[in-house]
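In what follows, a single structure is set out as C-alpha cells and then discussed.
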Amino acid sequence: MAYFEWADDLAIDAGGPIDQDHRHLVDMVNALHTATSEGRGREVVGPILEELIAYTDAHLRREEQEMARVRFPTLEEHLRWHRKFIADLNDLRQRYETGSVTVAAQLSMVLRDWLSLHIRRSDRELREFLKQP
Ligand SMILES: [Fe+2]
Ligand SMILES: [Fe+2]
C-alpha cells in the first residue's frame, strides 16, 4: 500500500486537469516519503522537494484560474488557504535546508495531510460548479 493512496472521493473533475494535477502530487509525495524513509541524503531529497514545491505552486495557480473562470463563490477564502500552504511549505523547505533532520520526515506527512484534507473539504466544492455549462 502506498504511503498516500489515491481514493475515489478525491476526484474533482472526472479525470480532468485538476484530478491529473492532484494525482501527480500524490505520486510526488510518495516519492518524497520513499526517499526520506530510506534515509536518502540531501542530493536525492533536495531535488524531489524542489520539484514538489514548484509543482504545488503551479497546480494552485491552475486551480485558481479554473475557479475564477467558473466564478467560484468562495475563491477569496480559497486563495488564502493556498497562500498559507505555500508559505508553510517554504518555511519547511528553509528548515530542511538549514539542516533540521526531522523536517525531512515531517514534510511528506504535512503534504499528505494537507492535500487530502484540502482536496476533500475545499477543492470538492468546485465539483458542483464544474458540472454547470
Ligand atoms: Fe487542488
Ligand atoms: Fe485548492
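Each value in this text was obtained by applying a stated rule to the coordinates, not by laboratory testing. Bear in mind that the values here come from a model prediction, so they are computed numbers and not experimental data. Neighbour counts run over all protein chains shown; Cβ positions are idealised from the backbone, glycine included.
For first residues located in the stretch 97-125 and within 18 Å of residue 24 (Cβ to Cβ), partners that are surrounded by fewer than 12 Cβ atoms within 10 Å (Cβ to Cβ) and lie 6+ apart or on another chain with Cβ distances below 7 Å form the pairs 120/9. Screening 97, 63, 76, 128 for residues that are within 11 Å of ligand 2 (Cβ to nearest atom) and either touching an Asp or Glu at 6+ places or on another chain (Cβ under 7 Å) or over 19 Å from residue 3 (Cβ atoms) (or both) leaves exactly one candidate, 63.
Considering the stretch 33-60 alone, what residues qualify as being over 17 Å from residue 103 (Cβ atoms), more than 11 Å from ligand 2 (Cβ to nearest atom) and not acidic (Asp, Glu)? The answer is 54, 55, 58.
Within the stretch 93-133, work out how many residues are of a type in the set (A, V, I, L, M), surrounded by 12 or more Cβ atoms within 10 Å (Cβ to Cβ) and closer than 23 Å to residue 63 by Cα. Explain how you work it out, then say what you get.
So in the stretch 93-133, the residues of a type in the set (A, V, I, L, M) come out as 101, 103-105, 107, 109-111, 115, 117, 119, 126, 130.
Retained after the next criterion (residues that are surrounded by 12 or more Cβ atoms within 10 Å (Cβ to Cβ)): 103-105, 107, 109-111, 115, 119, 126, 130.
Those left that are additionally closer than 23 Å to residue 63 by Cα: 107, 109-111, 115, 119, 126, 130.
Matching residues across the stretch 93-133 total 8.
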